[in-house]
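In what follows, a single structure is set out as structure tokens and then discussed.
The values are calculated or read from the model by the stated rules, or taken from the named source; none is laboratory data. Quantities reported herein were computed from a predicted structural model and do not represent experimental measurements. Here the Cβ positions follow ideal geometry from the backbone for every residue, glycine too, while neighbour counts run over all protein chains shown. We work out accessible area using only protein heavy atoms, side chains counted, and drop any ligands, DNA or RNA first. Shrake-Rupley method; radii C 1.70, N 1.55, O 1.52, S 1.80 Å.
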Amino acid sequence: IKESDVLLAQASDAIIVGFNVTADANARLIARADDVEIRYYDVIYAAVDDVHQALEGLLEPDVVENEIGKAEVTDLFKIPKIGVIAGSRVTEGVARRDAKVRLVREGEVKFTGELNALKRFKDEAKEVMEGNECGISLKDYSKIQVGDIIEFFTEDIIKRKLESSSKK
């Protein structure tokens, strides 16, 4: 590994992977000064596995939505200093306080975000089951209308993996 290898890695914000080689004194000096990482390997499988794991770390994770419930807005209440509360009936599944929400009007998504409050008979509720009524207020959104559907969902983040054609 030469000085020019370190300069190229530094310019392209890369690491240097060396297999059965060493870096000369100038290259090591410049690498330390410029924070360029040099990795040495003497077994090819270790180098391949390390590069494979580094590439997987660059992949954006997949986000999978899991719908857990729906509520239909049946009435609206305007409360001073609080805003609009949507009187709703949970029509499917469960409405959960910690879930994300999507407001749908006539098949069109009008808002996606978080709840401000979920209430059952004026008390805060962690969840409201299907068939029950509740009060819902949305964080940073107040243009709710009677007949709107509020969908409750969770998001699972799944780390992506590289597919390997050599492992058959």
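Points worth noting:
- Whole-Å distance, taken between Cα centres, linking the range 110-131 and the range 1-52: 54 Å
- The order of the peptides 39-51, 144-156 by mean Cβ neighbours within 10 Å, most packed first, is 144-156, 39-51.
- When peptides 80-91, 13-24 are ranked by their average number of other Cβ atoms within 10 Å per residue, the highest-first order is 80-91, 13-24.
- Kirkwood hydrodynamic radius (C-alpha pairs) into Stokes-Einstein, the range 1-40, 4 °C and 1.567 mPa s, D in µm²/s: 135 µm²/s
- Estimated distance in nm for a label pair at residue 2 and residue 43, the labels positioned 7 Å out from Cα along Cα-to-Cβ: 3.2 nm
- Taking N as its residue count, the alpha carbon Rg of the chain over 2.2 N^0.38 Å: 1.77
- Accessible area per residue for the chain, computed on protein heavy atoms with a 1.4 Å probe, is 68 Å².
- Filter on 70/159; 70/126; 100/161; 81/110; 119/139 - keep pairs with C-alpha separation over 21 Å: 70/159; 100/161; 81/110
- The range 72-168: C-alpha gyration tensor shape, a/c 1.5 cut-off, then a/b vs b/c: prolate
- Local charge for residue 102 was computed over the other residues whose Cβ lies under 12 Å away, with Lys and Arg +1 and Asp and Glu -1, and equals -3.
- Applied to the range 20-34, the Karplus parametrisation 6.51 cos²θ - 1.76 cosθ + 1.60 on θ = phi - 60° returns per-residue 3J(HN,Hα) values of 6, 9, 10, 9, 6, 4, 5, 5, 4, 4, 5, 4, 5, 5, 9 Hz, with x for Gly and Pro.
- Separation in nanometres of the label points that stand 7 Å from Cα toward Cβ, at residue 59 and residue 126: 3.5 nm
- Extension gain, residue 34 to residue 160, is 42.2 nm, computed as 0.36 nm per intervening residue step minus the present C-alpha separation.
- FRET efficiency for residue 91 and residue 145, using Cβ-Cβ distance with R0 set to 22 Å, rounded to 0.05: 0.85
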